[in-house]
Amino acid sequence: MHKLNCKKQMEKHILICITTIIILLTFCDAIALPPPKYIEESKAKADLIIIGKTTKIDSVVDIKGYELFSIGINPIVVLNVKDKEKDIRKYRDSTLYIIFSKPREPDDNDNEKKIVFGNYGPTTPQPREEETILIFLKKHLKEGYFLLAGGSYGYICLDTDSSEELIELKKEIELYREWCRQIKNVEIRKTMDSYYKKTLDFLEENIRRKK
């Protein structure tokens, strides 16, 4: 009986350790990147995919040394929404808010880290005011707020200041399209690729307008 109780205690201890590791990995910048197709599949599960314009950054609440912020997004093009037609109309004329956080007292003020919940990627997303973005969003428990789907890969700035930057941006989008081709599910693969194709069309249309 004593051995049985010891075994149960050991199993419980191991479970707690595994859970703690999972939680730490969720919020750690230095985790191993998942396979590219997994990143695109996670973005495909987004509740809302839009091209939009960011607005003002606001402080939300302070939790365990991290100050939470939100940034507004005014949709320009709604590429997909899970609730379909009625919500497309609703979101098209709304300001959305994504949640992110950063340390109150960063070690290096010149390179302030920002951690977006659900983050993974070579760098953390850097939300800024008044920039055009392609973004993949998951609904947050707090009504009207969203988290990023796909971490830093789910927040793509579409602003460029030169033809060289535009070329690099197009290369980045083509890289995501290449990742999509690794998805086994044909429907998901084609749907994700269509979002990037529409984004490239959006960029070309903006270039024509500026000429």
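Brief remarks follow.
- The lone exception for GLU205 - which of (1) more than 25 Å from GLY72 (Cα to Cα); (2) at pLDDT 85 or above it fails: (1)
- Any hit, the stretch 111-123, residues being modelled with pLDDT of 70 or more and open to solvent by less than 30 Å² (accessible area, probe 1.4 Å): no
- TYR196 satisfies every condition listed in (1) surrounded by fewer than 17 Cβ atoms within 10 Å (Cβ to Cβ); (2) in a helix (DSSP H, G or I); (3) not polar (S, T, N, Q) except (1).
So that you can scan it fast, the table gives a plain yes or no per residue for (1) out of contact with any Phe, Trp or Tyr (no Cβ under 7 Å at 6 or more places or on another chain); (2) open to solvent by 40 Å² or more (accessible area, probe 1.4 Å); (3) not basic (Lys, Arg):
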site	(1), (2), (3)
ARG128	yes, yes, no
LYS139	no, yes, no
ASP159	yes, yes, yes
GLU172	yes, yes, yes
ARG177	no, no, no
ASN185	yes, yes, yes
MET192	yes, no, yes
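- So GLU164, is it open to solvent by 80 Å² or more (accessible area, probe 1.4 Å) and touching a Ser or Thr at 6+ places or on another chain (Cβ under 7 Å): no
- Selection from the stretch 38-48 of residues that are open to solvent by less than 70 Å² (accessible area, probe 1.4 Å) and touching a Lys or Arg at 6+ places or on another chain (Cβ under 8 Å): ALA46, ASP47, LEU48
The values are calculated or read from the model by the stated rules, or taken from the named source; none is laboratory data. As the structure is a prediction and not an experimental result, all values here were calculated from the model. Virtual Cβ from ideal backbone geometry, glycine too; neighbours counted across all protein chains shown. Accessible surface is based on the protein model in full, side chains and every heavy atom, while ligands, DNA and RNA are left aside. Shrake-Rupley method; radii C 1.70, N 1.55, O 1.52, S 1.80 Å.
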